[in-house]
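Chemist: Quick one: structure below, then a few questions.
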Amino acid sequence: MKKRTLLSLMGATALSFGALATTALAENPTDLNVAIVLSAGLESPWDGTLIEAFERTKTEKPHGLDISWTYTDPLWGDDAGDAMRLFAESGEFDIIWAHSTYSDQVEKMQAEFPDILFVVVGSGNEGLGGNQYWVYKRVHEPAYAIGVLAGQMTETNTLGVVGSFPADDVNDEINAFFNGARSVNPDIIQKVAFIESWYDPAKAAEMTSAQIATGADMIFSLAANFQPCEEAEILCFANFADQHSFSPTTVLTSVLANWDPDVNYIVDEWWAYKTDGAAYDGNTEIVWRGMSEGGAALAPFYELADKVPAEAKAVFDQTLADIMSGAFVVELDVAVPTSD
């Protein structure tokens with residue numbers, strides 16, 4: 001798929017805007033064009049996993065659609081708003097997916113472009129409804145499960161988490177991780193640090209090293225830098241994407257964010273609008289899809305499977321089964337976590 005810069009968008013709009021004409025709704029459209037505004041870049045699991053979900057959805061061809069997309073470099077504020085407006089004015093795109101906190105930008109243009117389905121994602125957004133849909137991603141359920149594992153495997157009873165920002169949909173998984181650990185080991189001491197960025201490997205390494213120095217012997221890294229764990233020869237957990245290949249000797253498993261059900265939901269909403277004339281009815285409250293709905297999962301242990309004691313794995317497996325069946329509901333705690 002194509003990547004576009006703000007300058008290329010401006011050029012494309014100037015060339016095509018005058019030639020575009022309003023066309024009647026197609027009863028059975030065959031193509032779906034999506035513009036994606038990235039917030040951190042494809043090297044970030046947050047953005048990278050979304051593009052992977054679009055690739056899988058394209059292969060599945062929901063409603064027989066040929067799905068294509070264009071994405072930007074990371075953009076925020078006025079730059080993001082300018083890019084979204086250029087996408088909208090070009091007439092080329094059916095959906096504008098702004099992959100983070102962009103409801104302020106959408107609010108300024110959603111009424112002007114009623115045929116476009118806008119998507120915003122995660123915490124910090126406002127539920128505007130209408131043709132804005134608010135996608136939320138919570139992975140606190142698998143985070144709880146890896147906490148159950150870590151609580152049994154730690155030798156120091158000290159666990160660390162390095163997060164991005166103290167946001168609602170970050171806090172939930174950190175708190176779930178520690179709650180899972182304490183469910184099997186009440187003596188757990190928690191260490192928490194935030195790098196105050198969506199992606200800063202150097203800061204992540206600094207924070208991880210500091211936690212290891214204070215006694216943490218297992219790290220849940222939401223910040224995607226595992227080098228300190230390699231140097232300390234300890235196990236760690238990754239977040240949002242399967243990152244075992246980045247550090248095969250340390251990443252025991254990864255909490256996975258699967259955007260596939262979210263992408264399919266948005267495609268279905270657009271399809272209903274185009275074929276049935278159903279009005280857009282974007283959600284105004286948070287809606288998220290958990291493990292049982294395919295919205296979150298865990299990566300395999302790969303060659304580190306023999307590092308997991310049989311008894312610990314049995315408790316871990318039972319926890320996952322109970323979450324999937326609904327027999328156990330992971331508490332949703334979005335309070336800002338702090339170190340003990």
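The numbers here are math on the coordinates, done by the rules we state, and not lab data. The structure displayed is predicted, hence computed values, not measured ones. Note that we place each Cβ from the backbone using ideal geometry, even for glycine, and neighbour counts take in every protein chain shown.
Chemist: Just one of (1) 1.46; (2) 1.06; (3) 1.36 is Cα Rg over 2.2 N^0.38 Å calculated from these coordinates, so which is it?
Modeler: Evaluating Cα Rg over 2.2 N^0.38 Å on these atoms matches (2).
Chemist: Packing-wise, with mean Cβ within 10 Å as the measure, how do 39-47, 55-63, 135-143 rank, highest first? Don't jump to the answer; show the numbers that get you there.
Modeler: Working: 39-47: 19.6, 55-63: 13.9, 135-143: 24.9.
Ranking the peptides 39-47, 55-63, 135-143 by packing returns 135-143, 39-47, 55-63.
Chemist: Based on the mean of other Cβ atoms within 10 Å per residue, sort peptides 324-334, 282-292 so the most packed one is first.
Modeler: Values: 324-334: 13.4, 282-292: 15.7.
Going by the mean number of other Cβ atoms within 10 Å, highest first, we get 282-292, 324-334.
Chemist: Cα gyration tensor of the stretch 120-226, axes a ≥ b ≥ c as square roots of the eigenvalues: rounded (a/c below 1.5), prolate (a/b > b/c) or oblate?
Modeler: Numbers: a/c = 3.22, a/b = 1.61, b/c = 2.00.
The shape class here is oblate.
Chemist: Show me 233-246, 183-196 ranked by packing, highest mean number of other Cβ atoms within 10 Å first.
Modeler: Values: 233-246: 20.9, 183-196: 17.9.
Packing proxy ranking, top to bottom: 233-246, 183-196.
Chemist: Next up: Given a Förster distance of 35 Å, report the FRET efficiency between Ala335 and Glu155 from their Cβ-Cβ distance, rounded to the nearest 0.05.
Modeler: My answer for the efficiency is 0.80.
Chemist: Related question: For the chain, what's the relative contact order in percent, using C-alpha pairs closer than 8 Å and at least 6 residues apart?
Modeler: Working: 708 pairs, mean separation 65.5, N = 340.
So the answer I get is 19 percent.
Chemist: A follow-up question, please. Expected output is a single nm value to one decimal: the length gained when fully extending between Lys313 and Phe165, i.e. 0.36 nm times separation in residues minus the C-alpha distance. What is it? The partial results should precede the final answer.
Modeler: Details: separation 148, 0.36 × 148 = 53.28 nm, distance 3.08 nm.
Full extension of this stretch gives 50.2 nm more.
Chemist: Select from Leu86, Ile116, Val287 the residue farthest towards the positive end of the dipole of the chain; place +1 on Cβ of Lys and Arg, -1 on Cβ of Asp and Glu, and compute about the Cα centre.
Modeler: Leu86
Chemist: Compute, for the chain, the length of the dipole vector about the Cα centre, with Cβ point charges of +1 (Lys, Arg) and -1 (Asp, Glu) only. Units Debye, rounded to 20. It would help to have the intermediate numbers written out before the result.
Modeler: Numbers: 17 positive and 51 negative charges, 63 e Å.
So the dipole magnitude of the chain works out to roughly 300 debye.
Chemist: Also, quick follow-up: Counting Lys +1, Arg +1, Asp -1, Glu -1, what net charge surrounds Ile116 among other residues with beta carbon under 14 Å of its beta carbon?
Modeler: Details: positive: Arg85, Lys108, Lys274; negative: Glu89, Glu92, Asp94, Glu107, Glu112, Asp115, Glu269.
For residues surrounding Ile116, the net value is -4.
Chemist: Let me ask another. Residues with amide H under 5 Å of Asn157's amide H, sequence separation 5 or more or different chain, H placed in the peptide plane at 1.01 Å from N; which?
Modeler: Distant-sequence amide H within range of Asn157: zero hits.
Chemist: Then there's this: Between Ser197 and Thr275, what is 0.36 nm times their sequence separation minus the Cα-Cα distance? Round to one decimal in nm.
Modeler: Values: separation 78, 0.36 × 78 = 28.08 nm, distance 4.15 nm.
This chain segment gains 23.9 nm when fully extended.
Chemist: Counting only DSSP beta bridges with both residues in the chain, tell me the antiparallel percent, nearest 5. It would help to have the intermediate numbers written out before the result.
Modeler: On the way: 3 of 43 bridges.
Of the beta bridges lying entirely in the chain, close to 5 percent run antiparallel.
Chemist: With unit charges on the beta carbon (Lys/Arg positive, Asp/Glu negative), name the residue among Asn185, Asn125, Val161 whose Cα is farthest towards the positive pole of the charge dipole of the stretch 94-209.
Modeler: Farthest along the dipole direction, towards plus: Asn185.
Chemist: Using R₀ = 35 Å, calculate the FRET efficiency as 1/(1 + (r/R₀)^6) where r is the Cβ-Cβ separation of Asp187 and Asp31; round to 0.05.
Modeler: On the way: r = 58 Å, r/R0 = 1.65.
Efficiency for this residue pair is about 0.05.
Chemist: State the Cα centre-to-centre distance between the stretch 132-206 and the stretch 242-311 in whole Å.
Modeler: Distance between centres, Cα-based: 17 Å.
Chemist: Still on this structure: Which percent, nearest 5, of DSSP beta bridges in the stretch 184-306 are antiparallel?
Modeler: Numbers: 3 of 11 bridges.
Antiparallel bridges make up about 25 percent of those DSSP assigns within the stretch 184-306.
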